[in-house]
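Read through the structure below, which is laid out as structure tokens, and then see the notes.
The values are calculated or read from the model by the stated rules, or taken from the named source; none is laboratory data. Everything numeric here is computed off the predicted structure, so don't read it as measured data. In this analysis, Cβ positions are derived from the backbone assuming ideal geometry, glycine residues included, and neighbour counts consider all displayed protein chains. All accessible areas refer to the heavy atoms of the entire protein, side chains included, with ligands and DNA or RNA removed. Shrake-Rupley method; radii C 1.70, N 1.55, O 1.52, S 1.80 Å.
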Amino acid sequence: MITVQNINKSYGQVQALKSLSFNVEEGQLYGLIGPDGAGKTTLFRILTTLLLADSGEATLDGLDVKKDYKKIRKMVGYMPERFSLYMDLTVEENLNFFATVFQTTVEENYHLIHDIYQMLEPFKKRKAGDLSGGMKQKLALSCALIHKPRVLLLDEPTTGVDPVSRKEFWEMLKKLQQGGLTTLVSTPFLDEAELCDEVALVQNGQILKVDTPQNIALAFPHKLWQIKSKSNYKTLKILKEFNQKISAFAFGNVVHLATDLEVNEMMIESYLKNKGVEQIQIQAIQAGIEDVFMDLMQ
Amino acid sequence: MNGEKVIEVKNLSKHFGQFKAVDDISFDVKKGEVFGFLGANGAGKTTAIKMLTGIWSSSSGQATVAGFDINRNRNKLKENIGYMSQKFSLYEDLTFKENVRFYGGIYGLSNKEISQKTDEMIAHLELDNIKNTLISEIPLGWKQKIAFSVAVIHRPKIVFLDEPTSGVDPITRRQFWDLIYETAESGITVFVTTHYMDEAEYCDRISMMVQGRIEALGSLDELLEKHDARNMDEVFVKLAR
């Protein structure tokens, strides 16, 4: 449904996208996962025909982003990173406006946004500028869907959003997917990768890896340990000095230690005990996307 | 001034018409503590921070920050705190060195102190290659580390960090937390908001606001036990949903 082939884009000296390639199949929920500055927004602007690539090809449902830009604009739903609705129009007015621009009506496609809009209904007379963050996001998604797009492009919809609203948002995306919509979504939250069918991990304009989140996690090349102890920060410092460590990172109140395959639990435990660490709990664990991402970054 | 408590809040409220944005909250924060201030969007965190940083007055209740009353002694209060957020940190069209000079000047540091601080930061954050680069051209992760160091340039008693790591890559996020720990160990209290629940777990104590009230406050272990949860994410969902 979406093809991206060898896309390059520079701003002056800065290479924002370096030969980016990946494909999104019809009906997939596809994640573009990476921190700020990875080039995610630049790619979205190219796919939505708002920016031209320096070189490379991209198509949406077979339509070329350069030649067929008018057709593409009609068939994509786009939610930019910055809230881009009219702040001084009400919820209702915004929705009507976007429906009218795309020559349709809210009534005609109401079934598409029914679940989401229900949560907004009590505030329909409120100005968009006066909504809370979570509500703004729901309205922006409704406006992106109201013309029945074939492809949905969401640029960091959950940045600055609290954990509960994030979970609700992803539940909405899953529901839309069940209705057959193809969605490309970008996020700096690595835990959200696990909610996608397939992901591209991106950094500094380059793809680090493309695969299903399960396969990416399984391909972690080291042994990974979760270590809990009395003082996590102290233990982290001590583990950074461990001879057989590949990396040691804090994960909340535990440390994830990556080692060579021949390291065993006893070796880590005796090392920590020697250093005076108390209340040690060591467990071999499966890597997550964040472990993989940091390993690829180094 | 009470030597141990850097923030003391008693029955603090802020109302907008009928709406109670902050509804009768009370808590203390100790010297050198890393204090996590969590809550859903719209729970009242920003309103509370605006009062604690002397920008807004309260509707009722009292609070002192760094020993100064938030309603009566706002100018003194502002001199004794540091603040940074993702949205407002450094001037993009100034270089690193110019930003340090600017903020150092605002906070009344002498020229000698400013150049000393500049050198310290260059060495500590390894900025030699980018010291004369415009902030707008520096990657976000670096920028946030610099912004944090600048926010404590005047050695305030407390620094407020409002979602400082939003969008920052996972390795730099952890380096940022190393800076937080160093700062707290040097005696500066850190008051931080975040939507990353692993980061909440790095705090000495965590508070959680729900609809204007503080619904939970304690160390990670205390909160996990009280709410029968495995991690902070579960605590958050249980309280906010």
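Cross-link partners for A:Lys127 among the aspartates and glutamates, with Cα-Cα distance under 19 Å and sequence neighbours closer than 8 places in the same chain left out: A:Asp88, A:Glu92, A:Glu93.
Interface B-A: total buried accessible area of about 2400 Å², 1.4 Å probe, protein heavy atoms only.
First check a/c for region A:1-73, with a ≥ b ≥ c the square roots of the eigenvalues of its C-alpha gyration tensor; if it is under 1.5, answer rounded, and if not, answer prolate when a/b is larger than b/c or oblate otherwise. Taking the square roots of the gyration eigenvalues as a ≥ b ≥ c, region A:1-73 is oblate.
To put it simply, the accessible area of region A:220-297 at a 1.4 Å probe is 46 percent carbon and sulfur.
Cross-link list A:Lys167/B:Lys87; B:Lys31/B:Lys145; A:Lys136/B:Lys97: which exceed 28 angstrom alpha carbon to alpha carbon? The pairs that break the limit, which is 28 Å between Cα atoms, are A:Lys136/B:Lys97. With 30 Å² as the minimum drop in accessible area between chain alone and full protein complex (1.4 Å probe), the qualifying residues in region B:141-179 are B:Gly167, B:Asp169, B:Pro170, B:Ile171, B:Arg174, B:Asp178.
Measuring against 32 Å, Cα to Cα, the residue pairs A:Lys40/B:Lys112; A:Lys230/B:Lys20; B:Lys14/B:Lys226; A:Lys228/B:Lys76; B:Lys131/B:Lys157; B:Lys78/B:Lys226 contain A:Lys40/B:Lys112; A:Lys230/B:Lys20; A:Lys228/B:Lys76; B:Lys78/B:Lys226 as the ones spanning a longer distance. Looking at the square roots a ≥ b ≥ c of the eigenvalues of the Cα gyration tensor of region B:1-40, which shape do they give, rounded for a/c under 1.5, prolate if a/b is larger than b/c, or oblate? Oblate, since a/c reaches 1.5 and b/c is not below a/b. For chain A, modelled as a GNM whose springs connect Cα atoms under 10 angstrom apart, the maximal fluctuation among A:Ile113, A:Ile285, A:Ile72 occurs at A:Ile285.
Report which residues of region B:13-57 become buried by 50 Å² or more of accessible surface when going from the isolated chain to the complete set of protein chains (1.4 Å probe; DNA, RNA and ligands ignored). Listed by number, the residues meeting the 50 Å² cut-off are B:Asn41.
Taking 16 Å as the straight-line reach from the Cα of A:Lys275, the aspartates and glutamates in range (excluding those fewer than 8 positions away in the same chain) are A:Glu241, A:Glu265.
So which residues of region B:203-241 lose at least 40 Å² of accessible area, probe 1.4 Å, when you go from the chain by itself to every protein chain present? When all protein chains are present, B:Arg241 each give up 40 Å² or more of accessible surface.
Summing +1 for each Lys or Arg and -1 for each Asp or Glu, what net charge is found among the other residues whose Cβ lies under 15 Å from the Cβ of A:Leu208? That sum, taken over residues with Cβ under 15 Å, equals -3. With everything on Cα atoms, drop me the angle between helix B:140-151 and the longest principal axis of chain B, reported from 0 to 90° to the nearest 10. With both axes taken from Cα atoms, the answer is about 90 degrees. Our coupling estimate for region A:154-159, obtained by passing each phi through the Karplus curve with A = 6.51, B = -1.76, C = 1.60 and θ = phi - 60°, is 10, 9, 6, x, 10, 5 Hz, Gly and Pro reported as x.
For A:Leu43, neighbours were defined as the other residues whose beta-carbon sits under 11 Å from its Cβ, and their charges (Lys and Arg +1, Asp and Glu -1) total +2.
In the protein assembly as shown, the DSSP beta bridges split such that about 60 percent are antiparallel, to the nearest 5.
When only Cα pairs below 8 angstrom with a gap of at least 6 residues are kept, chain A shows a relative contact order of 20 percent. Take the protein assembly as shown with all the other protein chains still there, run a 1.4 Å probe, and you get 46 Å² of accessible area per residue. Charges were assigned to the Cβ only: +1 to each Lys and Arg, -1 to each Asp and Glu. The resulting dipole of chain A about its Cα centre is roughly 600 debye. Within 10 Å of the Cβ of each residue in A:248-254, the mean number of Cβ atoms contributed by other protein chains is 6. Each peptide in A:212-220, A:88-96 gets a packing score, the mean of other Cβ atoms within 10 Å over its residues, and the list from highest to lowest is A:88-96, A:212-220. Take each residue of peptide A:186-192, count the partner chain Cβ atoms within 10 Å of its Cβ, and average: the result is 3.
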